[in-house]
1. Which condition breaks for G110 when tested against (1) open to solvent by less than 70 Å² (accessible area, probe 1.4 Å); (2) over 17 Å from F11 (Cα atoms)?
2. If we scan the stretch 95-105, do we find a residue that is surrounded by 14 or more Cβ atoms within 10 Å (Cβ to Cβ), under 10 Å from the mean Cα position of the chain (by Cα) and either at negative phi or among the polar types (S, T, N, Q) (or both)?
3. Give the residue, chosen from G16, G41, G64, that is in contact (Cβ under 8 Å) with a residue 24 or more places away in the chain and either under 19 Å from E6 (Cβ atoms) or open to solvent by 80 Å² or more (accessible area, probe 1.4 Å) (or both).
4. If G53 satisfies every condition in (1) loosely packed, with under 11 Cβ neighbours inside 10 Å; (2) in contact with a strand residue (DSSP E or B) (Cβ under 9 Å, 6 or more places away or on another chain); (3) of a type outside the set (A, V, I, L, M, F, W, C) but one, which is the exception?
5. What about E87, is it in a helix (DSSP H, G or I), of a type in the set (D, E) and out of contact with any helix residue (DSSP H, G or I) (no Cβ under 6 Å at 6 or more places or on another chain)?
6. Can you name the residue in the stretch 19-38 that is hydrophobic (A, V, I, L, M, F, W, C) and open to solvent by less than 60 Å² (accessible area, probe 1.4 Å) and, of all such residues, is nearest to Q80 (Cα to Cα)?
7. Please go through the stretch 97-117 and pick out each residue that is of a type in the set (S, T, N, Q) and not in a loop (DSSP other than H, G, I, E, B).
Amino acid sequence: QVQLVESGGGFVQPGGSLRLSCAASGITRINRMGWYRQAPGKQRDLVATIDSGGSRNYADSVKGRFTINRDNAKKMVYLQMNSLKPEDTAVYYCNLQYVTFPIQTYWGQGTQVTVSS
């Protein structure tokens, strides 16, 4: 069973930086990992994804400010967040999806990021 554990959330002022980490265990197949976020009263939205080969995808709202990386040997995925804005405030969730049949998706428990002055 895949388990995902996030860390690195917290409180930061606008313009600041945070780095989120996600430790994965129980991975058995080729996968895509990523980060999603959910603000109060809103749906959960894609932030960034990265596949096993390193191909990345970003939401338009974070392009140029956030960077996703993964370390396949350590089974870790990271999200470096720079130039943070108040609208980045949300619970950030680590995600893993097996990309071959059967498609399966797993989520971490989430970590809170608050951007405020």
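1. (2)
2. The answer is yes, given that some residue of the stretch 95-105 is surrounded by 14 or more Cβ atoms within 10 Å (Cβ to Cβ), under 10 Å from the mean Cα position of the chain (by Cα) and either at negative phi or among the polar types (S, T, N, Q) (or both).
3. Matching residue, one of G16, G41, G64: G16.
4. Exception for G53: condition (2).
5. Values: in a helix (DSSP H, G or I): yes; of a type in the set (D, E): yes; out of contact with any helix residue (DSSP H, G or I) (no Cβ under 6 Å at 6 or more places or on another chain): yes.
Here the answer is yes, as E87 does meet what is asked.
6. L20
7. Answer for the stretch 97-117, where residues must be of a type in the set (S, T, N, Q) and not in a loop (DSSP other than H, G, I, E, B): Q97, Q104, T105, T111, Q112, T114.
The values are calculated or read from the model by the stated rules, or taken from the named source; none is laboratory data. What you see is a predicted model; the values in this text were computed from it and never measured. Note: ideal-geometry Cβ built from the backbone for every residue, glycine included; neighbour counts use all protein chains shown. Remember, those area values only see protein heavy atoms, side chains included, never the ligands or the DNA or RNA. Shrake-Rupley method; radii C 1.70, N 1.55, O 1.52, S 1.80 Å.
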